[in-house]
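To keep things clear, I will list the structure first and then write my remarks on it.
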There are 2 protein chains.
Amino acid sequence: MTIRLYLDHPLSAGQPITLDRAQAHYLFNVMRMGQGAQIAVFNGSDGEWAAEISDAGKRGGAVTCLSQTRPQLNPPDLWLLFAPIKKARTDFIVEKATELGAARISPVTTDYTNSERVRVDRLAAHAIEAAEQCGGTYVPTVAEPQKLSQLLRDWDPARRILFCDETQTDAHTVFASLPKGPWAILIGPEGGFSDAERRNLVSLDFVHRASLGPRILRADTAAVAALTLWQATQGDWVGAPAP
Amino acid sequence: MTIRLYLDHPLSAGQPITLDRAQAHYLFNVMRMGQGAQIAVFNGSDGEWAAEISDAGKRGGAVTCLSQTRPQLNPPDLWLLFAPIKKARTDFIVEKATELGAARISPVTTDYTNSERVRVDRLAAHAIEAAEQCGGTYVPTVAEPQKLSQLLRDWDPARRILFCDETQTDAHTVFASLPKGPWAILIGPEGGFSDAERRNLVSLDFVHRASLGPRILRADTAAVAALTLWQATQGDWVGAPAP
């Protein structure tokens, strides 16, 4: 398995890129790599490159890009909106949304959200790690948390919202017949939406509904299931090339 | 939210059922419930029942079933075969497979499986907890770990295996056109299958293949994605009643 590293830097052949302390520690101390060793790098916009460790010092180092090995592959225009839950499950949702090709991950607070502090920098770091792991060349944006009511007031209606609602039936028919265009999947908190939130959602023209089967799914399971069904019926799993 | 408890005991109206120590501790100490309080119980075969705490003592207690509140709902005949991975992710797979309605969960060891010990009793406890949580009335069986080669030698070919293979394309077409009947979904280890295992799988008539999109999914993500697509196209999400 090639080591893949996300670098927040433009990538082009021959230009040395300084590693930050954590990256240098990982490559030189954890993975015991030295000068001349090869890794793969990506920055979210320039595809994947083969790169060589061109400097491996005590306190830092650099890599130099050799050639592009994979073109940039952006995910389809799909956002995930979710109500943050316990820390481990929130981390998990960010990891899975990255693997499953969400373009943007947006924590939303709802009437029944436990108002735990969401650390966006931590979630963004999880997204980077998941992108390194899954072979993607894109890292989703993690947005600042927003109140659901505010988010819906400011919403651009050109992006439809798919609201996973336990009172609806037949996920497959719904997902397979969604209109084309930008979408956001909205996953509620463990306690569900409040009656006021549900009334508001149902009243909005850009909000569609689907259910996810006869059992009650945890929020993290629902997020993975809904992203999967969207990608498989509308997204980049349709006729997709193998990884 | 009603508390739901799995009881390993036949359920019928009026018959007191002794609680084990962990259940009594949970109801009386953690949830601070007392005599006369109501919970929901299920045993995996008699549906869901409303039950009353009929005895709440210092060291134990009992509940008595009042009436059946939900009929028994068994999942479709779908098994999950997976190569155990790190503990937290293995626990997660069992939890998700239960929520997503797998009938049986079977750990398999492969050429590239890290041979960590699988504790079936622990995994079975996770399945019970997930069933209590998701409102299901069924608890999947967790089988003893088996070597993949042996499992395939002894396999009843009437049950087809869907092998999630990164070299194939278009998940949706494959899942939507699977022949009806009993199925097992097979998820490989993080390192993939060995060449010998892959050759063996591909040579078997009862093995079908599907891919899960253009990114490399972790084993736990792949398990959730494949179970979702199967349930949505072949299983009990098709025209399903809401939970």
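Each value in this text was obtained by applying a stated rule to the coordinates, not by laboratory testing. A quick note: this is a predicted structure, and the numbers were derived from the prediction, not measured. Don't worry about glycine lacking a Cβ; one is built from the backbone with ideal geometry, like all the others, and counts go over all protein chains shown.
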So, in chain A, how many Lys pairs have Cα atoms under 26 Å apart, if the pair is 8 or more places apart or on different chains? 6
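Please tell me the relative contact order of segment A:104-162 in percent, rounded to the nearest whole number, where contacts are Cα pairs under 8 Å and at least six residues apart. Could you put the intermediate results ahead of the total?
Numbers: 45 pairs, mean separation 29.5, N = 59.
Averaging sequence separation for qualifying contacts and normalising by length gives 50 percent for segment A:104-162.
Fewest to most neighbouring Cβ within 10 Å: what's the order for B:Trp230, B:Trp155? Intermediate values should be presented prior to the final figure.
Working: B:Trp230 23, B:Trp155 15.
With the sparsest Cβ surroundings first, the list reads B:Trp155, B:Trp230.
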Taking chain B as a Gaussian network, Cα atoms linked when under 10 Å apart, which of B:Val202, B:Val139, B:Val118 shows the biggest mean-square fluctuation? B:Val202
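Neighbouring Cβ atoms within 10 Å as the yardstick, rank A:Met31, B:Met1 fewest first. Walk me through the numbers on the way to the answer.
Details: A:Met31 12, B:Met1 7.
So the residues, fewest neighbours to most, are B:Met1, A:Met31.
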Which Cα, out of B:Val139, B:Thr113, B:Ala62, lies furthest along the positive dipole direction of segment B:58-168 (beta carbon charges, K/R +1, D/E -1)? B:Ala62
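For peptide A:6-16, what's the mean number of Cβ atoms from other chains within 10 Å of each residue's Cβ? Before the final figure, lay out each step's value.
On the way: counts 0, 0, 0, 0, 0, 0, 0, 0, 0, 0, 0.
That average works out to 0.
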Mind telling me which of A:Tyr26, A:Tyr138, A:Tyr112 comes out most flexible in a GNM of chain A, alpha-carbon contacts under 10 Å? A:Tyr26
Three-way shape label, segment A:110-176, alpha-carbon gyration tensor, a/c 1.5: oblate
Per-selection Kirkwood Rh - chain A (Cα, Å, 1 d.p.): 19.4 Å
Dipole check, chain B, charges on Cβ (K,R +1; D,E -1), about Cα centroid: among B:Ser45, B:Gln234, B:Leu186 the Cα furthest to the positive pole belongs to B:Leu186
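Evaluate the relative contact order of chain A (contact order divided by residue number), counting alpha-carbon pairs under 8 angstrom at least 6 apart; express in whole percent.
Once divided by the residue count of chain A, the mean separation gives 18 percent.
Give me the percent relative contact order of segment A:4-70, please, defined on Cα pairs under 8 angstrom at least 6 residues apart.
Details: 134 pairs, mean separation 26.4, N = 67.
Answer for segment A:4-70 is 39 percent.
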Per residue of B:92-98, count partner chain C-beta atoms within 10 Å of its C-beta, then hand back the mean as an integer. 2
Per residue of A:204-215, count partner chain C-beta atoms within 10 Å of its C-beta, then hand back the mean as an integer. 5
GNM on chain A, C-alpha springs below 10 Å: top fluctuator among A:Ala130, A:Ala40, A:Ala225? A:Ala225
In Å, what Kirkwood hydrodynamic radius results for the protein assembly as shown from the alpha-carbon pair distances? 24.2 Å
Which value at 222 nm does chain A reach when only helices count, each DSSP H run of 4 or more adding -39,500 (n - 2.57), with the total divided by all residues and rounded to the nearest 500 deg cm²/dmol? -8000 deg cm²/dmol
Under 1.5 on a/c is rounded, so check that first for segment A:28-116, then, if it is not, pick prolate when a/b is larger than b/c and oblate when it is not; a ≥ b ≥ c are the square roots of the alpha carbon gyration tensor eigenvalues. oblate
Would you kindly work out, in nm and rounded to one decimal, the distances from the label point of A:Gly14 to those of the same position in each other copy, ordered shortest first, with label points 7 Å along Cα-to-Cβ? 9.2
